[in-house]
Amino acid sequence: MPMLQPLAHLKAVEGHDGLWASEGADPQFLVVRNGHAFACTGGWYRLRLRLVAREGAILAPCLYPDYGGGMTELERIPLGSPDADGWIDVLVRFKYAVRALRLDPTAVEAHFVATGFSLRRRHRPAAMVGMLRDIARSPRGGRRMAVRLAMATVRDLARGRVGAAGERLLRGYSALQVDGRDDYTAWCGRFAPPLSKSEAAQRCARLSARPVIAVLMPVYNPPECWLRRAIESVRTQSYPHWQLCIADDASPAPHVARVLAEVAASDPRIRVVRRAENGHISEASNSALALVDGEFVALLDHDDELHPDALLHVAEAIARHPSAGVLYSDEDKIDEQGRRYEPYFKPRFDPDLLLGQNCVSHLGVYRTELMRAVGGFRKGYEGSQDWDLALRCIERCGAANVVHLPHVLYHWRSIEGSTALAVSEKSYVVDAGRRAVADHLARTGISAEVQVLAGGHLAVRRPLPSPAPRVSLVIPTRDRVDLLRQCVDSVLRRSTYPDFEILVVDNLSVEPETLAYFESLASEPRVKVLRYPHPFNYSAINNFAVRHATGEVLCLLNNDIEVITPGWLEEMVAQALRPGIGAVGAMLYYPDDSIQHAGVLLGFSGVAGHLYAGWPRGTGGHMGRARLVQRLSAVTAACLVVRRVLWDEVGGLDEQLAVAFNDIDFCPRLDVSGHANLWTPHAELYHHESASRGKEDTPEKQARFKAEVDFMLQRWGARLADDRAYNVNLCLTSTPFALASPPRTAP
């Protein structure tokens, strides 16, 4: 039987048999058998273990298998939380033969007992049945989830897809073992702890300038405990050059005046004004702003908290970007027990994303003179007054002077009545946000309609010019007439765009049904069939077709695409015609209504990967971003719209990339030329991915693919490691938007 042997950051507690004390947040056991490191073949195993905390907690226990390349975060296997009696009883799968195995029992300091460890082999059928049983019994899964997965498993098995059946089950099962709050708490302890006093002092001393940062806090009747926590989070900042400017908006609760008088007397950096009458948050914030004489202003709600090093990070960012007008950080939520969860790791500044959600707040920091120049906060926008402020300030200072800090510096209190719990808690927030965005569009001369989406997010729907420009849709194909007919028919019958042509590019089709279909297209005035009688090269085929196109706008379209939304082309063309916009991509779904493409992440698994691939249709994605128009580094050419003049400017697709990555290469070339790529969820299509070309399943195809990977790494290596639409705290190796362990270096 395997046993647990202390490996690191553990010591036995004297006088308490079987009790272990963790030394730090990373205690480790080595799994041993007969005095040697445990080894086993790959496959399925049932793990049982009892972990009972005497002090502290059992948080995010996990296994680290060594498959021959060491123990890495990439191979980490979460084990879930113990039940009420301390038992963990889970199925795990080792992908390969295990050379050594490590157990990390908790991710916080704790005194605990570890007993009953066992690891027993299970054959695949037994493991699949066991996973379904565990899912049905799990409060986070349940019978409905188990039945759905069982039906999908039966379908996979009926088609001979045994491996796919197991993988699908494992994804669902593994998701139940991951407690996002526990994982995030453990991650914060390991990779984002507060600085020590000495390190903070050294970093302060290295600053060439030390601007005074005024923390603006409008106050109205918060519970005393949260008010004190908010104030204390400022008083304990590691950066000493701050002011705390508080405006009490005529709070009726007596404890507010008492607490504010107490803290104002305790520190000359704290300034308090009491308003004679309640004016709501915008007027109260302006009253606090009148107290400021610091160079920058940071916004803090009366029941939230700042990270202990928040203002130090801000001061360091100002030193790196002395022209900064607006700065903003990542954020998370904090519950009534002080437990942090649901981090929002944001991209670098994206003006389109800001029109869909207030991604600047929290922590939002503004140059004081800029905030005063735009008139401070506007009455009538309560609930989204900070969104309105951000839009007006950025209009004046310019997007180039907006700086993102990739650190969680703000903790948003989630209590009853707070928008941290749900936007629906304060419905007026949505309307105020809609009006703030509509005002911004009017001020900047943009004619568009602002619509409210799920979750209180917004969509800016832009009109086409009149007349609408002609669009040339380029569809390369080789046989598979069933797919091509579906694609062409869906475009012709479902699209409402007023002026388009379809260029079907035949690349050596031979099947009689396909050739007959080409003949039938001669009667359709909007369709032309072009012959490309050369070996397959996706880039060359599209470049050839574009030379025959008559449209001002181009749309690259795979032959396995099927239109869903009639206005898909209007949406994509309206976005593509905007100054400064390059390629525009769409929301693509697999036939089972899971997401195939919602934009491309550079650097994922080496070169690039699709965001949200496999997530269900309708998902909000990472903090709602799967619902929102936004600028991304790349989009897929399976459905891509771009102006013809930009295509010509960058030279079309690079014909050195015959099959893979030609679109991923095309998009950064547009970006380098000053045209940002954009993705919209409001153009929806199905994608029967690569159904006509097949898989990379021959030595020749695999060699070609490797050469194209090498090409991309050589041309775009630095850019692949720094996707501006993706945060350095998020993973590039396992699943998009998972936590990076450790975080990558910020640019």
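The values are calculated or read from the model by the stated rules, or taken from the named source; none is laboratory data. The model shown is predicted, which means the values in this text are computed figures rather than measured ones. Heads up, the Cβs are rebuilt from the backbone with ideal geometry, glycines too, and the neighbour counts pull from every protein chain shown.
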Entirely in region 525-567, the strands (runs of 3 or more DSSP E) that have 3 or more residues that are closer than 16 Å to Tyr497 by Cα = 553-557
Kindly indicate whether any position in region 124-132 is of a type outside the set (A, V, I, L, M) and modelled with pLDDT under 85.
-> no
Single match in Phe737, Phe705 (criterion: among the hydrophobic types (A, V, I, L, M, F, W, C) and assigned to a loop (DSSP other than H, G, I, E, B)) = Phe737
Out of the residues in region 179-230 that are among the acidic types (Asp, Glu) and crowded, with 17+ Cβ neighbours inside 10 Å, which is modelled with the lowest pLDDT?
-> Asp179
Residues within region 6-27 that are part of a loop (DSSP other than H, G, I, E, B), out of contact with any Lys or Arg (no Cβ under 9 Å at 6 or more places or on another chain) and surrounded by 14 or more Cβ atoms within 10 Å (Cβ to Cβ), tallied | 2
Verdict on Tyr538 being touching a helix residue (DSSP H, G or I) at 6+ places or on another chain (Cβ under 7 Å), more than 30 Å from Pro351 (Cα to Cα) and in contact (Cβ under 8 Å) with a residue 60 or more places away in the chain | yes
Hey, among Leu30, Leu51, which residue is in contact (Cβ under 8 Å) with a residue 60 or more places away in the chain, in contact with a Pro (Cβ under 6 Å, 6 or more places away or on another chain) and not in a loop (DSSP other than H, G, I, E, B)?
-> Leu51
So which of Gly376, Gly364, Gly398 is under 26 Å from the mean Cα position of the chain (by Cα), over 24 Å from Asp332 (Cα atoms) and in contact (Cβ under 8 Å) with a residue 12 or more places away in the chain?
-> Gly398
In region 461-481, what residues are in a strand (DSSP E or B) and surrounded by 19 or more Cβ atoms within 10 Å (Cβ to Cβ)?
-> Val471, Ser472, Leu473, Val474, Ile475, Pro476, Thr477
Are there any helices (runs of 4 or more DSSP H) wholly within region 178-249 with 1 or more residues that are under 30 Å from Ala107 (Cα atoms), out of contact with any helix residue (DSSP H, G or I) (no Cβ under 6 Å at 6 or more places or on another chain) and free of Cβ contacts under 8 Å to residues at least 40 places away in the same chain, and if so which?
-> 197-206, 224-235
Somewhere in region 155-173, is a residue of a type in the set (Ser, Thr, Tyr), touching a residue at least 12 places away in the same chain (Cβ under 8 Å) and in the same structural domain as Asp386 (by TED's automatic domain parsing)?
-> no
Selection status of Tyr64, in a strand (DSSP E or B), among the hydroxyl-bearing types (Ser, Thr, Tyr), at pLDDT 90 or above and within 27 Å of Leu730 (Cβ to Cβ) | yes
Being within 15 Å of the chain's Cα centre (by Cα), assigned by TED's automatic domain parsing to the domain that holds Leu389 and in contact (Cβ under 8 Å) with a residue 40 or more places away in the chain narrows Glu342, Glu305 down to just Glu342
Scan of region 333-374 for residues that are of a type in the set (A, V, I, L, M, F, W, C) and touching a Leu at 6+ places or on another chain (Cβ under 8 Å), ordered by number | Phe345, Leu353, Leu354, Leu355, Cys359, Val360, Leu363, Val365, Met371, Val374
Of the numbered conditions (1) in contact (Cβ under 8 Å) with a residue 60 or more places away in the chain; (2) farther than 25 Å from Tyr173 by Cα, Gly15 fails exactly one; give the number of that condition.
-> (1)
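A quick yes/no check of all residues on (1) at pLDDT 95 or above; (2) not in a helix (DSSP H, G or I):
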{"position": "Arg378", "(1), (2)": "yes, yes"}
{"position": "Trp387", "(1), (2)": "yes, no"}
{"position": "Glu395", "(1), (2)": "yes, no"}
{"position": "Val403", "(1), (2)": "yes, yes"}
{"position": "Val408", "(1), (2)": "yes, yes"}
{"position": "His411", "(1), (2)": "yes, yes"}
{"position": "Thr419", "(1), (2)": "no, yes"}
{"position": "Val430", "(1), (2)": "no, no"}
{"position": "Arg435", "(1), (2)": "yes, no"}
Look at Val546 and say whether it is in contact with a Gly (Cβ under 7 Å, 6 or more places away or on another chain) and among the hydrophobic types (A, V, I, L, M, F, W, C).
-> yes
Filtered residue count, region 736-747, keeping only those that are over 11 Å from Leu601 (Cα atoms) and out of contact with any Cys (no Cβ under 7 Å at 6 or more places or on another chain) | 7
Taking Ser384 as the residue in question, decide whether it is in contact with a strand residue (DSSP E or B) (Cβ under 7 Å, 6 or more places away or on another chain), small (Gly, Ala, Ser) and either under 22 Å from Ala284 (Cα atoms) or in contact (Cβ under 8 Å) with a residue 40 or more places away in the chain (or both).
-> no
Qualifying position, being within 22 Å of Gln357 (Cα to Cα), at pLDDT 95 or above, buried (at least 17 other Cβ atoms within 10 Å of the Cβ) and not basic (Lys, Arg), among Val629, Val641, Val650 = Val629
Odd one out for Glu262, checked against (1) farther than 28 Å from Tyr341 by Cα; (2) touching a residue at least 60 places away in the same chain (Cβ under 8 Å); (3) part of a helix (DSSP H, G or I); (4) among the acidic types (Asp, Glu) = (2)
